[in-house]
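Let me begin by presenting the structure, written as structure tokens, before commenting on it.
Derivation of every value follows stated rules applied to the coordinates shown; laboratory data play no part. For clarity, every value in this text was computed on a predicted model and none was experimentally measured. Positions of Cβ are backbone-derived with ideal geometry, glycine not excepted, and every protein chain shown enters the neighbour counts.
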């Protein structure tokens, strides 16, 4: 499930960058340039969120793998 969310965030980030770039290229006023820049900035944050989720997933897998069994008591 996490892999699907990470993939979705990456795809959404690419779409945001393309949309922001296209708005920035055809901008007819300063507000359109600002909107394009903001869209590209939000895309960077989306990629960052995907990277964080990927790292959290890796850390959780490593922690689950390294857990030792409980000690034996006599």
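Structural remarks
- Packing-based exposure ordering (other Cβ within 10 Å, fewest first) of 63, 9: 63, 9
- Gain in span if fully extended, residue 42 to residue 12, counting 0.36 nm per residue against the direct Cα distance: 9.8 nm
- Over the chain, DSSP H runs of length four or greater, each weighted -39,500 (n - 2.57), average out per residue to a 222 nm ellipticity of -30000 deg cm²/dmol.
- Size descriptor for the chain, Kirkwood hydrodynamic radius: 14.7 Å (Cα pairs only, one decimal).
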